[in-house]
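Below: the structure, in structure tokens.
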Ligand code: ARG
């Protein structure tokens with residue numbers, strides 16, 4: 001097949017060089033967007049009298065036909081035609097003749113690829129926002145359905161204070177809500193149209209960029225042609241968003257792996273999200289959270305690949321930038337897969353409230369409540385800390401838990417302690433004492449759930 005840029009060349013391209021430089025192998029998912037961009041461009045060329053209206057119509061009909069053929073699997077992309085842009089354009093010329101060659105007037109592959117990636121990424125972002133919303137809803141459902149469940153709250157993975165399981169789930173909702181708002185944010189920033197920048201300096205034809213931008217759903221046009229063809233910030237920002245999201249999913253994964261172990265037995269993942277062992281018949285492995293935790297690594301890697309790719313590139317377009325696609329596509333695929341599976345897994349997760357409660361009662365989780373009690377009776381906090389430290393040591397030595405101590409035993413450590421101490425050292429009392437906004441008290445968590453239900457912002461980061 002003859003090259004669209006063959007005019008200047010006297011020798012054919014080396015076969016291996018051709019394979020090495022081609023991007024069509026991983027660019028096919030851009031086909032639909034490439035055609036959408038080209039159709040808008042062709043129509044504009046007709047409106048502006050740069051080509052005739054009939055020619056524009058022929059080009060548009062030709063592009064529609066190519067899209068149908070692609071969707072029907074009738075088109076074989078060719079490595080000799082290097083990338084998606086030239087594959088489509090060559091088909092167009094094959095189909096409608098020389099007039100197809102007018103499509104590329106006032107345009108370059110450099111601004112074309114920049115618009116294609118944006119159109120594609122924008123669609124994927126909308127799908128990802130949808131998946132994020134589903135995961136957020138599943139976390140909220142877990143919280144609503146398990147308001148009675150008290151679990152140990154940890155610091156240093158040591159039992160610290162009892163918390164509501166619902167509160168713990170809503171902590172992850174906060175992270176997901178921030179992810180949603182980060183994604184909405186970057187979508188606004190990148191939704192401007194680079195087409196019209198030409199190869200780097202703009203074009204000599206009287207194009208109407210604003211009109212094309214509107215047709216393609218962009219909020220405006222880019223303001224500098226050099227930047228338009230050399231900017232990949234949006235891909236980097238997206239990968240940064242994805243890295244943070246995967247870090248969140250990985251933290252949740254880690255907890256799910258721990259919680260589904262025999263030692264914790266806090267939750268049960270549905271069989272669909274686990275697999276067995278080929279040798280140990282008793283095993284039910286939490287593969288899904290393990291894999292999501294593992295996949296976090298490649299998403300971080302993709303971010304670093306893109307940052308490293310763009311570092312030190314002189315303005316404007318450089319072929320290096322063709323390497324932006326695989327990390328970006330892989331990030332999109334990984335994030336979509338992880339979110340989809342996570343939303344379903346969280347929605348179906350079963351909670352073992354009995355085991356969480358037993359664990360919450362272990363480890364002297366209400367010790368801080370005894371200290372706060374002493375403070376309310378007038379003891380400075382530092383001294384109260386000392387009193388309870390000694391109380392806990394006594395408990396360890398005698399094998400007792402704090403609520404099991406008799407009043408006389410309590411009084412060995414401070415005679416400020418009276419009968420009403422028992423109102424403060426139960427798990428419920430400890431949890432429900434933390435009523436201020438953001439605390440774990442049932443009433444605070446219920447207030448939060450009500451706020452989320454009434455929230456109209458769509459990402460629930462408003463207050
Ligand atoms: N396949 C190329 C890319 O992804 C398209 C732009 C090519 N431009 C060029 N001047 N070779 O970056």
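Scanning segment 71-89 for residues that are surrounded by 19 or more Cβ atoms within 10 Å (Cβ to Cβ) and assigned to a helix (DSSP H, G or I) yields a count of 7.
The conditions of being surrounded by fewer than 13 Cβ atoms within 10 Å (Cβ to Cβ), closer than 26 Å to residue 180 by Cβ, at pLDDT 95 or above and under 16 Å from the mean Cα position of the chain (by Cα) are not met by residue 301. Reported count of residues in segment 354-382, each being loosely packed, with under 15 Cβ neighbours inside 10 Å and in a helix (DSSP H, G or I), is 5. Considering (1) crowded, with 20+ Cβ neighbours inside 10 Å; (2) away from the ligand (no atom under 12 Å from the Cβ); (3) more than 23 Å from residue 18 (Cα to Cα), the lone condition that residue 107 does not fulfil carries the number (2). When segment 68-79 is limited to residues that are away from the ligand (no atom under 14 Å from the Cβ) and in contact with a helix residue (DSSP H, G or I) (Cβ under 6 Å, 6 or more places away or on another chain), the one that is nearest to residue 209 (Cα to Cα) turns out to be 70. Could you tell me whether residue 31 is crowded, with 20+ Cβ neighbours inside 10 Å, closer than 29 Å to residue 318 by Cβ and more than 16 Å from the ligand (Cβ to nearest atom)? It is false that residue 31 is crowded, with 20+ Cβ neighbours inside 10 Å, closer than 29 Å to residue 318 by Cβ and more than 16 Å from the ligand (Cβ to nearest atom). Going through segment 266-280 one residue at a time, which ones are farther than 26 Å from residue 354 by Cβ and touching a helix residue (DSSP H, G or I) at 6+ places or on another chain (Cβ under 6 Å)? Hit for segment 266-280 is 275, nothing else. Taking the criterion of being surrounded by 19 or more Cβ atoms within 10 Å (Cβ to Cβ) and part of a helix (DSSP H, G or I), the residues of segment 132-160 that qualify are 132, 135, 136, 138, 139, 140, 142, 143. Taking the options 101, 49, 97, name whichever one is away from the ligand (no atom under 16 Å from the Cβ), at pLDDT 95 or above, surrounded by fewer than 24 Cβ atoms within 10 Å (Cβ to Cβ) and part of a loop (DSSP other than H, G, I, E, B). None of the others qualify; the one that does is 49.
Are any residues in segment 212-225 surrounded by 15 or more Cβ atoms within 10 Å (Cβ to Cβ) and either at pLDDT below 95 or not in a strand (DSSP E or B) (or both), and if so, which ones? The answer is 212, 213, 214, 215, 216, 218, 222, 225.
Scanning segment 1-31 for residues that are without any contact (Cβ under 8 Å) to a residue 40 or more places away in the chain and assigned to a helix (DSSP H, G or I) turns up 6, 7, 8, 15, 16, 17, 20. Figure legend. Inter-residue proximity from segment 118-138: first residues under 13 Å from residue 332 (Cβ atoms), second residues outside any helix (DSSP H, G or I) and modelled with pLDDT of 95 or more, beta-carbon distance below 7 Å, spacing 6+ or different chains. Indicated pairs: 122/191. Scan segment 254-274 and tell me whether some residue there is surrounded by 14 or more Cβ atoms within 10 Å (Cβ to Cβ), closer than 22 Å to residue 190 by Cβ and modelled with pLDDT of 95 or more. Scanning segment 254-274 turns up no residue that is surrounded by 14 or more Cβ atoms within 10 Å (Cβ to Cβ), closer than 22 Å to residue 190 by Cβ and modelled with pLDDT of 95 or more.
Has segment 323-333 got at least one residue that is within 16 Å of the ligand (Cβ to nearest atom) and free of Cβ contacts under 8 Å to residues at least 40 places away in the same chain? Taking every residue of segment 323-333 in turn, at least one turns out to be within 16 Å of the ligand (Cβ to nearest atom) and free of Cβ contacts under 8 Å to residues at least 40 places away in the same chain. Can you find, within segment 189-211, the residue that is nearest to the ligand (Cβ to nearest atom) among those that are farther than 13 Å from residue 119 by Cα and outside any loop (DSSP other than H, G, I, E, B)? The residue in question is 209.
The values are calculated or read from the model by the stated rules, or taken from the named source; none is laboratory data. Please read all numbers here as calculations on a predicted model, not as lab measurements. For neighbour counting, all protein chains shown are included, and Cβ atoms are generated from backbone atoms with ideal geometry for every residue, glycine included.
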